[in-house]
Amino acid sequence: MTHLSILNVWRVQSVYRCLFFICLGRVYCASLATSPRTMSVVVLALCVTISALLYYLSVRKFSYWRNKNVPHLKPLPLLGNYGEYILMKKYVGHVSQEMCRKFSKEPYFGAFYGTEPTLVIQDPEIIKLVFTKDFYYFHSREIAKYTPNEVTTQNLFFTQGDKWKVVRQNLTPLFTSAKMKNMFYLVGKCGHTLEKLLDEETAMSGTVEAKSLMIKYTMDCIGSCVFGIETGAMEITTEKNVFVTMGEIIFNTSKFHGYKLVCRAIWPKIFYALGFKYYSTEIDIFFKSLLMSVFEKRNFKPTARHDFVDLVLALKQKNHIIGDSLNSKSMDNKKIEMKVTDDLLVSQCIVFFAAGFETSASTLSCALYELAKNQEAQRRAQEEVDEYLRRRNNKLVYECVTELPYIEACLNETMRLYPVLPVITREVVEDYTFPSGLQVDKGVRVHLPVYHLHRRPEYFPEPDSFHPERLYGDARMTSNPTHSSRSARDRGNVSVYASPKCRRP
């Protein structure tokens, strides 16, 4: 279709919209001068007309997969195939798993996330195309073009394109092995505080709420390593810790907040046109104030700590950051320059805090839950830690990450059972053709069903059971590449998974 024809179609649609609202206005004016009975008929006619219009808008894309000859499920108006998740009745991982089981022999199938066409891919080889070889076509998350509408969503997790690439390149220096090693003593210090807190908690009760305990621990670690501050999250006080409160606001689990999340993801244009925001402005204000206070303590100059705050200070002083273009098809290798704004820096601060504490806390709490249920795995994990401490004279050092293979296997098996993101979402940024010949258009959603893949018996025998041995030693080298802790090249993780309770071993 030419630009001229597209313009003509747009003009015709605009004319029809104007005529529709003019007719509505005239009907309303006429109804004011009519009898109550006639007015009731007019109101009924209006309701029927509006309902018909809404129905049409909710189903107009439902022929997408049929036209492309892709196997798909029959969708429901407005809800598509994700109705139970959209209505907050079922975990999205379970909804996705049920759909995938209906197409167990298909490498991919079509679905509708609300009103939007979505390709669900369950073949590992095609997933590799999405994450590696043809990553450029799928680098965007859903509705990434709306990220400038909120301060919080301008961070590395939500953004796309050259902006994502440039920011990522400039933040990567924070995660070198040398810098991680230099920060490790801070993690060890938080570990001693956790041990003390655990003694106090178990003295008061024989049962410990694992998720809240791990949230406090990971918050202290992030505060100390990333921002150079003491959050005090693990202190037992009568007043609620402000960082814990911020965490609860970011990961609000109320149904209303869930509905906002869904509406923003499916109908972002309407969501923002109505003046809604997904994240509270309290978050922006708090973290901007936090950054400024840390800046003042450091006299607005980078220090010898070389932590996240020093990196942000350096970026702020530069005023501009430079990086490569994400488009590998470009032949001129032109560098991309981007202005550093306070909103950009605050948004990165928020994602480091949120993704840093929540993902680790979720995985650790689920690992404790599984170890509490599996006494043999618990015994073996404890023996490995005891042996390590004897070997290292009761000191925890950075090298422990490579010297505790069974602990690592327990964490990997936990991430298999409880992936931080049960479904990874992508959006096609340019028309793309798969090796099978299927062409998907720009803007189509792509869902990668991580939860389902991790629980497929052909990949992981007894998929619902906790067996760290499957990811330990030689077995780890032959484990299936569908395990996202090994193969998924995602850009960050945030989880709102349930918090199990467990007894202290």
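Things worth noting here:
- Net charge of Cβ neighbours under 13 Å - reference Gly83; Lys, Arg +1; Asp, Glu -1: +1
- Which listed pairs, of Lys68/Lys89; Lys145/Lys165; Lys74/Lys442, have C-alpha distances above 26 Å, in listed order: Lys68/Lys89
- Farthest positive-ward along the chain dipole, Cα basis, beta-carbon charges - from Ser63, Val42, Leu171: Val42
- Residue-count net charge about Gly258 - beta-carbon cut-off 15 Å; Lys, Arg +1, Asp, Glu -1: +3
- Spin-label model distance (nm) - Ile229 vs Lys74, 7 Å beyond Cα toward Cβ: 5.6 nm
- Centre-to-centre, using Cα atoms only, region 382-426 and region 66-132 are separated by 33 Å.
- Top positive-direction residue, dipole computed over region 135-503 with Cβ charges, set Phe466, Gln378, Val346: Val346
- Per-residue ellipticity at 222 nm, computed for the chain from helices alone with -39500 (n - 2.57) per DSSP H run of at least four residues, works out to -16500 deg cm²/dmol.
- Cross-link partners of Lys334 among aspartates and glutamates, defined as those whose alpha carbon lies under 15 angstrom from its own and excluding same-chain residues fewer than eight positions apart: Asp162, Asp324.
- Backbone geometry of region 117-128 corresponds, through the Karplus equation with coefficients 6.51, -1.76 and 1.60 at θ = phi - 60°, to 3J(HN,Hα) couplings of x, 9, 9, 9, 9, 10, 8, x, 5, 6, 4, 4 Hz, x marking Gly and Pro.
- Using the average count of surrounding beta-carbon atoms within 10 Å as a protection proxy, the listed peptides 428-434, 451-457, 218-224 rank, highest first, as 218-224, 451-457, 428-434.
- Scalar couplings 3J(HN,Hα) for region 225-232, obtained by applying the Karplus form with A = 6.51, B = -1.76, C = 1.60 to θ = phi - 60°, are 6, 8, 9, x, 10, 9, 6, x Hz; x denotes Gly and Pro.
- A value for semi-axes √(5λ) of the Cα gyration tensor in Å was derived from the coordinates, and within the list (i) 32, 27, 22; (ii) 44, 28, 26; (iii) 44, 32, 21 it appears as (ii).
- Between Lys442 and His320, the C-beta separation translates, for a Förster distance of 30 Å, into a calculated FRET efficiency of about 0.50.
- Where GluC sites (Glu not before Pro) fall in DSSP loop in region 299-380, at most 16 other Cβ within 10 Å: none
- For His72, the amide hydrogen comes within under 5 Å of the amide hydrogens of Gly110, counting only partners 5 or more places away or on other chains and with H modelled in the peptide plane.
- The magnitude of the dipole of the chain, with charges of +1 and -1 set on the Cβ of Lys/Arg and Asp/Glu and taken from the Cα centre, is near 1580 debye.
- Across region 441-456, coupling constants 3J(HN,Hα) worked out from phi with the 6.51/-1.76/1.60 Karplus curve, θ = phi - 60°, read 8, 4, x, 5, 7, 10, 10, 10, x, 4, 4, 5, 4, 6, 10, 8 Hz, and Gly and Pro carry x.
Bear in mind these aren't lab numbers, they're just calculated from the coordinates by the rules spelled out. As the structure is a prediction and not an experimental result, all values here were calculated from the model. Ideal geometry is used to build each Cβ from the backbone, glycine not excepted, and the neighbour counts take in all protein chains shown.
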